[in-house]
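K.L.:
Once you've had a glance at the structure underneath, I'll fire off some questions.
Just so it is clear, none of the values below were taken in a lab; they were calculated from the coordinates. Keep in mind that what you see is a predicted model, and the values were worked out from it rather than measured. Heads up, the Cβs are rebuilt from the backbone with ideal geometry, glycines too, and the neighbour counts pull from every protein chain shown.
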Amino acid sequence: MSGPLDRFERIARSVGAEQAERVVEAADTAVVMEAALVEIIPEAEAEEAHPFESRNIHPDLPPKVRKLFDDGHWEESVFHAFKFIEKEVKRISGVRGKIGFDLMMNVFNEEKPVLQLNALSTDSDLDEQRGYRFIFAGATAGIRNPRGHEVEVGDTPDEALDYLALASLLLRRLDAVKLR
């Protein structure tokens, strides 16, 4: 009978006892090291992080956003994230009767902002306020609206993550100035 043990014995005899011992020691060391790593690194940490964690997607986005993403409904995930941002801006600004692009242009207007992102005391401050005004408004018009009005936009997972990262940036900007 020529099983694995017989094969090992033939190899050991052909290479000599000393070399065979080194091979066995090396194999044992690898097994011991692997076992030690399993104990040191819990299985959950050894697995790859969820894309939301690796992209640092804002934790305040509704759970529905992540569920839709995980289920492969990427454009719907993006739509609901930006819908959440619009609702947050409405809530904290108290502005009624305006939605979408018009809401953002009104709320972040650098001349008379309802939501002020900085002191507005320098040209740079005014530029920043104006810039975020257009980022919020542009995200509403260019990202949220097509996903709310079209049947199928066709986002890839990477595109959706990029959009969700932008949504996270906008929420963090509101957080930074303690508006939320």
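K.L.:
Gain in length, Glu111 to Lys87, computed as 0.36 nm per residue apart minus the alpha-carbon separation, to one decimal in nm?
P.N.:
6.4 nm
K.L.:
Which cross-chain or sequence-distant (5 or more) residues have an amide H under 5 Å from the amide H of Asp155, H modelled 1.01 Å from N in plane?
P.N.:
Glu75
K.L.:
Filter the trypsin sites (Lys or Arg not before Pro) in the stretch 92-151 down to the DSSP loop ones having no more than 10 other Cβ atoms within 10 Å, then list what survives.
P.N.:
Hits after loop and neighbour filter: Arg96.
K.L.:
Could you sort out which of Lys67/Lys112; Lys64/Lys112; Lys98/Lys178 sit more than 27 Å apart by Cα distance in this structure?
P.N.:
Violating the 27 Å Cα-Cα cut-off are Lys67/Lys112; Lys64/Lys112.
K.L.:
Where in the stretch 99-130 are there GluC sites (Glu not before Pro) that are in a DSSP coil and have at most 15 other Cβ atoms within 10 angstrom of their Cβ?
P.N.:
Passing sites in the stretch 99-130 are Glu111.
K.L.:
Hey, how much of the P(r) for the stretch 124-180 falls beyond 14 Å, as a percent of Cα pairs?
P.N.:
Tail fraction, whole percent: 64.
K.L.:
Return P(r) of the stretch 72-149 (all Cα-Cα pairs; 5 Å bins starting at 0; whole %; ordered from short to long distances).
P.N.:
In order of increasing distance, the bins hold 3, 17, 25, 22, 15, 10, 5, 2, 0, 0 percent.
K.L.:
Tell me the Rg and the Dmax, in Å, that the Cα atoms of the stretch 45-180 produce.
P.N.:
Gyration radius and largest Cα-Cα distance of the stretch 45-180: 15.5, 51 Å.
K.L.:
Tell me, what HN-Hα J-couplings in whole Hz come from the Karplus equation 6.51 cos²θ - 1.76 cosθ + 1.60 at θ = phi - 60° for each residue of the stretch 87-102, using x for Gly and Pro?
P.N.:
5, 5, 4, 4, 4, 6, 8, x, 6, 10, x, 10, 9, x, 3, 4
K.L.:
Just from the alpha-carbon atoms, what are the Rg and Dmax of the stretch 60-113 in angstroms?
P.N.:
My reading of the Cα-based Rg and Dmax gives 13.4, 43 Å.
K.L.:
For Glu48, put the label point 7 Å out on the Cα→Cβ axis and report which residues of the stretch 59-99 keep their amide N under 16 Å from it.
P.N.:
Counting backbone N atoms under 16 Å from the label point, the list is 70-72.
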